[in-house]
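What follows is one structure encoded as structure tokens, with my remarks underneath.
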Amino acid sequence: MVKLLISHSFGILLLLLLLPVFLPSSVQIVYEDEDYGAQLLSSAKQDTDWLISIRRKLHENPELCFQEHNTSALIRNQLHKLGISYTYPLAHTGFVAQIGTGSPPIVALRADMDALPLQELVEWEHKSKRDGVMHGCGHDAHTTMLLGAAKLLNQRKDHLKGTVRLIFQPAEEGGAGASYMIKEGALGGAEAIFGMHIDTSLPTGSIATLSGPMLAATCFFAARIEGKGGHAAEPHNSVDPVLAASSTVLALQQLISRELDPLQSQVLSVTYVRGGEAFNVISPYVELGGTLRSLTTQGLQHLQQRVKEVIEGQAAVHRCKGSVDMKEHEFPAYPATINDETLNSFVNEVGSLLLGAERVKESKKVMAGEDFAFYQQKIPGVMFGIGIRNEGIGAIHSPHSPYFFLDEDALPIGAALHTALAELYLNQHQTPITV
Ligand SMILES: *[C@@H]1O[C@H](CO)[C@@H](O)[C@H](O)[C@H]1NC(C)=O
């Protein structure tokens, strides 16, 4: 009996040893052990003070699109101290750190470094020291979380089954920094990418994600309607661009209400109209402009075409000349942010593992834009929301508000999530050994 038991368990042992050879390990998440999530979170939390101090330095010294020189230097200096190698510069101030075997599979994690042209109105010790510039969209937290992940991944690098590329990019706010990072090789053979954005509607300790379109394709437009100026008492001797512009603004709104499938989502906002100065002078021209948004990239392209036609047409009806500039040079159009279905399930699993299934929500779609979409045009990726809401400390205001404030307890959570996504992705995507 004893003998039988031994030989029986020996057989099982043999089977267990052989199993990984026959089964591709991409069948399910491969945990290092049962406490994987708890242990990783606890490692990350040991770095909380360091993470908070970095984030506060970034918050006090915000820098705008493509001017993130000090931000970039501060983070690179930390990487240097940790002994992590990186490539710099990409897209002016950006850089990519690399950790792991140097071989495939390769997975990318991304953070953005730029701040907003916004005056901070939160009175606290670490308020922005630069007038009119503020980390009002949480990019200071994104950058800090990714630095935190760099430290954790580096501590665990001997167990990494592939390579992690940590992308620190400039100019998310309108500058399409991601597109320049890609052109300069930031993805470097990565096959999947993950990014997080702080979410003020979610309590700290939770995340929200969604498969498919999550954020809009966006662009700006600027139009000029030329008429002929003159005395306001003699309209017949002038060509009035104010009237033409008024008709144009109304006609533009009909594109959404009359031409778009009601089940689709688009936004057309005219955000400024400028023309004329005097009570009794007909202005020679009017300028107007705004933003277009669509949950599909194709939808945005079609809308751009129709906006151009309507502005030119409406100007012509009023004997004016209309011209439209999509501002692609300064503000390249962003594609729609579309999350990969398989990777989204993976984010759900990893989020549940670290935070508990009840803290992984379904994200809402928002018509804001995100240049993470440029990476997703190249490789599958997921952008998801990470909670920073904490009513007790006033972390309740939406991003881009001058009162925006975030719960720093989210920093180690973000670092741990990045780390787990990369580690477990690599574990899952080992090329099966064929016998
Ligand atoms: C960047 O750092 C330098 C040196 O510390 C400092 O003089 C400069 O004001 C900083 N720039 C910004 C934009 O904060």
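Within region 397-435, restricting attention to residues that are assigned to a loop (DSSP other than H, G, I, E, B) and in contact with a strand residue (DSSP E or B) (Cβ under 6 Å, 6 or more places away or on another chain), which residue is surrounded by the fewest Cβ atoms within 10 Å (Cβ to Cβ)?
For region 397-435, the residue satisfying everything is Ser398.
Can you name every one of the strands (runs of 3 or more DSSP E) wholly within region 173-244 that holds 2 or more residues which are crowded, with 17+ Cβ neighbours inside 10 Å, touching a strand residue (DSSP E or B) at 6+ places or on another chain (Cβ under 7 Å) and not β-branched (Val, Ile, Thr)?
On the way: elements: 192-203, 207-209, 212-215, 217-226.
Because the criterion is at least 2 residues that are crowded, with 17+ Cβ neighbours inside 10 Å, touching a strand residue (DSSP E or B) at 6+ places or on another chain (Cβ under 7 Å) and not β-branched (Val, Ile, Thr), the strands (runs of 3 or more DSSP E) in region 173-244 that meet it are 192-203, 212-215, 217-226.
Being more than 24 Å from Gly177 (Cα to Cα) and polar (S, T, N, Q) is the filter here; which residues of region 361-418 pass it?
Result: Ser363, Asn390.
Quick one: in region 259-277, of everything that is closer than 27 Å to Val242 by Cα and of a type in the set (D, E, K, R), which residue is nearest to the chain's Cα centre (by Cα)?
Among those residues, the one meeting the criterion is Glu259.
Scan (1) over 22 Å from the mean Cα position of the chain (by Cα); (2) among the charged types (D, E, K, R); (3) within 13 Å of the ligand (Cβ to nearest atom) for the single condition Lys57 breaks and write down its number.
It is condition (1) that Lys57 fails.
Inside region 294-342, can you point out the residues that are basic (Lys, Arg) and modelled with pLDDT under 95? First the steps, then the outcome.
We begin by selecting, within region 294-342, every residue basic (Lys, Arg); these are 306, 308, 319, 321, 327.
Residue satisfying the conditions is Lys327 alone.
Quick one: in region 144-165, of everything that is within 22 Å of Gly185 (Cβ to Cβ) and of a type in the set (Gly, Ala, Ser), which residue is surrounded by the fewest Cβ atoms within 10 Å (Cβ to Cβ)?
Step by step, filter region 144-165, then rank; the result is Gly162.
Can we say Asp340 is touching a residue at least 12 places away in the same chain (Cβ under 8 Å), touching a helix residue (DSSP H, G or I) at 6+ places or on another chain (Cβ under 8 Å) and acidic (Asp, Glu)?
Considered against the rule, which asks whether it is touching a residue at least 12 places away in the same chain (Cβ under 8 Å), touching a helix residue (DSSP H, G or I) at 6+ places or on another chain (Cβ under 8 Å) and acidic (Asp, Glu), Asp340 comes out as yes.
Hey, does region 33-54 have a residue that's within 16 Å of the ligand (Cβ to nearest atom), part of a helix (DSSP H, G or I) and modelled with pLDDT of 95 or more?
Looking through region 33-54, at least one residue is within 16 Å of the ligand (Cβ to nearest atom), part of a helix (DSSP H, G or I) and modelled with pLDDT of 95 or more.
The values are calculated or read from the model by the stated rules, or taken from the named source; none is laboratory data. As the structure is a computational prediction, the values presented were derived from the model and not from experiment. Cβ sites come from the backbone with ideal geometry, for glycine too, and all protein chains shown count toward neighbours.
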